[in-house]
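Trainee: One structure is given below, represented as structure tokens, and several questions about it will come after.
The values are calculated or read from the model by the stated rules, or taken from the named source; none is laboratory data. Keep in mind that what you see is a predicted model, and the values were worked out from it rather than measured. Virtual Cβ from ideal backbone geometry, glycine too; neighbours counted across all protein chains shown.
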Amino acid sequence: MTAILNEVQAMQNPALGAALLWRFVCGFTPESKPSGTPLPLAFVVLPLTFHAKSVEKATATLAASGLRKFEAKFSDDDRGDVLLSLQPRMLAMRDLSLRSLRIAIRSGLLTLVPREAVLWPRSRSAPPTDAKAVGDLLKSAEKLGAWCRDVSLFEAAGLLKVEF
């Protein structure tokens, strides 16, 4: 049992979470249409990217498809299991999301504008990754950011079945 817990802790660590948040914000705020990423969306990233079924659907969905297409990919059985369980996962991973956000800000990956409650990427260059699994997670986070950019915060909450 401890081997499984060690593996989970190795994968779900705040440093990887910081990189995932950064790529999400890069996807949300393209250079062509700069706008800050609403801070509440940062709490959706890790529960989606660290969940096997969610990231599998994100990887299989084209970047141009959008958040509605991503939501529609879950079958009726999965919709109850995956999307409705996102809110409890989001609450359970709140501490990890906050630690990851702190690391991303301290390391210079992201800037937080408190008055507007938005995040901005400090760099847009793609990180070099040797591990395919990590690369897939980073791409999925960036796609998720782009999908959330195309809908309002209210619509994103409705499609993902979460409350901010």
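Trainee: Counting only residues that are hydroxyl-bearing (Ser, Thr, Tyr) and more than 16 Å from Gly135 (Cα to Cα), which one in the range 31-71 is surrounded by the most Cβ atoms within 10 Å (Cβ to Cβ)?
Mentor: So the residue we want is Thr37.
Trainee: Then there's this: Taking only the range 113-164 into account, find how many residues are in a strand (DSSP E or B) and surrounded by fewer than 18 Cβ atoms within 10 Å (Cβ to Cβ).
Mentor: Total meeting the criteria: 2.
Trainee: Let me ask something additional. Quick test of your reading of the structure: Val162 fulfils all but one of (1) under 15 Å from Phe43 (Cα atoms); (2) modelled with pLDDT under 90. Name the failing condition by number.
Mentor: (2)
Trainee: Could you give every pair whose Cβ atoms fall below 8 Å, whose first residue belongs to the range 84-102 and is assigned to a helix (DSSP H, G or I), and whose second residue is basic (Lys, Arg), counting only separations of at least 6 or pairs across chains?
Mentor: Leu86/Lys161; Gln87/Lys161
Trainee: Filtering the range 25-58 down to residues that are within 12 Å of the chain's Cα centre (by Cα) and of a type outside the set (A, V, I, L, M, F, W, C), which residue is nearest to Gln87 (Cα to Cα)?
Mentor: Checked the range 25-58; the qualifying residue nearest to Gln87 (Cα to Cα) is Pro47.
Trainee: Next up: Report yes if some residue within the range 17-24 is at pLDDT below 90, touching a helix residue (DSSP H, G or I) at 6+ places or on another chain (Cβ under 9 Å) and surrounded by 17 or more Cβ atoms within 10 Å (Cβ to Cβ); otherwise report no.
Mentor: For the range 17-24, residues at pLDDT below 90, touching a helix residue (DSSP H, G or I) at 6+ places or on another chain (Cβ under 9 Å) and surrounded by 17 or more Cβ atoms within 10 Å (Cβ to Cβ): absent.
Trainee: OK, next. With the structure loaded, tell me whether Arg102 is under 12 Å from Val25 (Cα atoms), surrounded by fewer than 18 Cβ atoms within 10 Å (Cβ to Cβ) and either touching a His at 6+ places or on another chain (Cβ under 6 Å) or modelled with pLDDT of 90 or more (or both) or whether it fails that test.
Mentor: So Arg102 does not fit the description; no.
Trainee: What are the pairs with Cβ atoms under 9 angstrom where one residue, in the range 11-34, is under 15 Å from Thr111 (Cα atoms) and the other, located anywhere, is at pLDDT below 90 and assigned to a helix (DSSP H, G or I)? Sequence gap at least six, or different chains.
Mentor: Ala19/Val134
Trainee: Working carefully through the options Ser123, Ser85, find the one that is hydroxyl-bearing (Ser, Thr, Tyr), touching a Cys at 6+ places or on another chain (Cβ under 9 Å) and at pLDDT below 95.
Mentor: Ser123
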